[in-house]
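Chemist: Pasting a structure here, questions to come.
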Amino acid sequence: MFLQFSRKLDVSLRRDFCTSAQGVPSHFIKDMNVNVINILFRKFWGKFLILLLLVGLASIFQVSFGYLIKEAVDSFGQFSNTRSIWAFIFAFLIIRFMMPMSFGFVEYVAHSIIIKAESFFRVRYFNNVHNPNFEIHKTNGSGDIHKRISSATFSIRVFIRSLFVEVLPVVAQIVALAITIYIAFDLNIWLMFCTVIVAYLIAVIFLTNQRIPMMRRMADYDRKLSSYALDTFSNHESIQVLSSQNVAAKRFVEKLNYFNSAQYRLRNGLIRNNIISSSISVCGSFGVLYFVAQGVIANIYTAGSFVMISTFLFQVFLPMNRLGFQFRELRGCLIDFERVECIDSLLNEEQLKTVHSLRNEANTISLKKFSVGSICLKGINFTTEVGCPKLIIGESGCGKSTLVKSLLRLTEGSAELYINGVDISEYSKNQLRNDISLVTQQQLLFNDTILENFRYAHSHLTAEDVSSLILQFKIKRDPEDKVGEHGRNLSAGEISRLK
């Protein structure tokens, strides 16, 4: 293995992350360790306030429709007057126009928040995953990380839509109807109406909480299934070479069966919940309508009042039947947010570290002791010089790769490692990785053009620069040629020379 400190040809070759020692813009750092919901409400509180106002306006129009029906029934005898008929039609059309318009504006504002929120968190998670201090890659597969991020970003959309387009309008409508019933009817009717609503909501919340473990189990099986599928796609060539398609398919079906079993249990619980919640709404509606009907017979209430409260019950229970589903959606979003917390946390210990230059003609390496896992290195001292390779030899598993990776802090353990007499922990990870070049045995090419692969490290290079470079290494390719996934469009020799 060859080790060489590289003195870059130009400062512009260095990756410029600019705003922080970690390579993450400062507005990401200041938001770290704060959960998704807090960030959403802090960042978009103004638009959320507009949504609340629009939801309140829509609720007023819904209640006014019930009053319009009441007046029409109670004043039926006056409908022989053309003026009264036109007044009713005009009022009806205004309400009919304003109700969907107000909800349309709610959808419009919510969608604008969704677009900005998704973009913010996509960039946030991308930067977090590629942060030098981020260690989850060592314990979680790429498929698992990708699934967590995809689920969380999709759940941001679902959370905003469910809360502000589905749940809050129903809650605002319930409040508006409760106030109206309190004004139009006696206390007993109001208490009965509120009791039915509260009983329904408690039942929905209780039944949904019982299903949360099943939802979490299903999410786990889904994540494992997706992770395994992505892993097999990434190792497609190995599966073909080993002729192990049947083994891979068998394992995939096993994981799929676990996932399907969890889905069936979730479905059966949903049917039971729908039966219970529907029974509560029917029984409660019957009780309210019965006592109001007795009031109409006793001339306490008018026929219009009976029709109005029937309209209110129909209006409130129809969307409340969806409330259980939306509550389940919100709880599912919270589960996804919980699973992405490990990605949404950054280490911040390197921001104020002193920069020690490694751009010297010679650098001394002194490793007194370094241990990680079963590997323990000690008593290693040598000097590297620009342009003078060092050859590190030893039997397999003795720690050659571990030594080189420790110099870039890619592998960290119990260490007493010094560069130019300075403890390795005093160097930021970004600085070490900018000043030390490492060519690994692994393929490090992106599924992009040769030119864009070079630009990951040297963004200033032009197509002509890259063309000249690859010709020096006898690679007869155009800079705009695609390398393919894992470099499949190139030969093994071309991949090695490109690295």
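Chemist: Which of the pairs 368/429; 400/482; 390/429 have their Cα atoms more than 26 Å apart in this structure?
Modeler: 400/482
Chemist: For the range 161-306, what percent of Cα pairs sit more than 21 Å apart?
Modeler: Details: 6832 of 10585 pairs.
Tail of the P(r) past 21 Å holds 65 percent of the pairs.
Chemist: Related question: From the convex hull of the Cα coordinates of the range 246-292, what is the mean projected area in square nanometres?
Modeler: Result: a mean projected hull area of 3.2 nm².
Chemist: Another question, then. How long is the range 221-312 along each principal axis, judged by its Cα atoms, biggest number first, in Å?
Modeler: So the extents along the principal axes, rounded to whole Å, are 87, 19, 14.
Chemist: Viscosity 1.306 mPa s, temperature 10 °C: Stokes-Einstein D of the range 420-499 from its Kirkwood Cα radius, in µm² per second?
Modeler: 113
Chemist: Past 32 Å, Cα to Cα, is the threshold; run 47/224; 43/255; 116/224 against it and keep the listed order.
Modeler: Cα-Cα > 32 Å for 47/224; 43/255; rest within.
Chemist: Expressed as a fraction of 2.2 N^0.38 Å, the rule-of-thumb size for a compact globular protein of N residues, what is the C-alpha radius of gyration of the range 135-236?
Modeler: 1.72
Chemist: Ranked from highest to lowest mean number of other Cβ atoms within 10 Å per residue, what is the order of the peptides 490-496, 150-156?
Modeler: Packing proxy ranking, top to bottom: 150-156, 490-496.
Where a number appears in this text, it was derived from the coordinates with a stated rule and is not lab data. Just so it is clear, the model here is predicted, and its values are computed rather than measured. With ideal geometry, Cβ positions are generated from the backbone for all residues, glycine too; neighbour counts draw on all protein chains shown.
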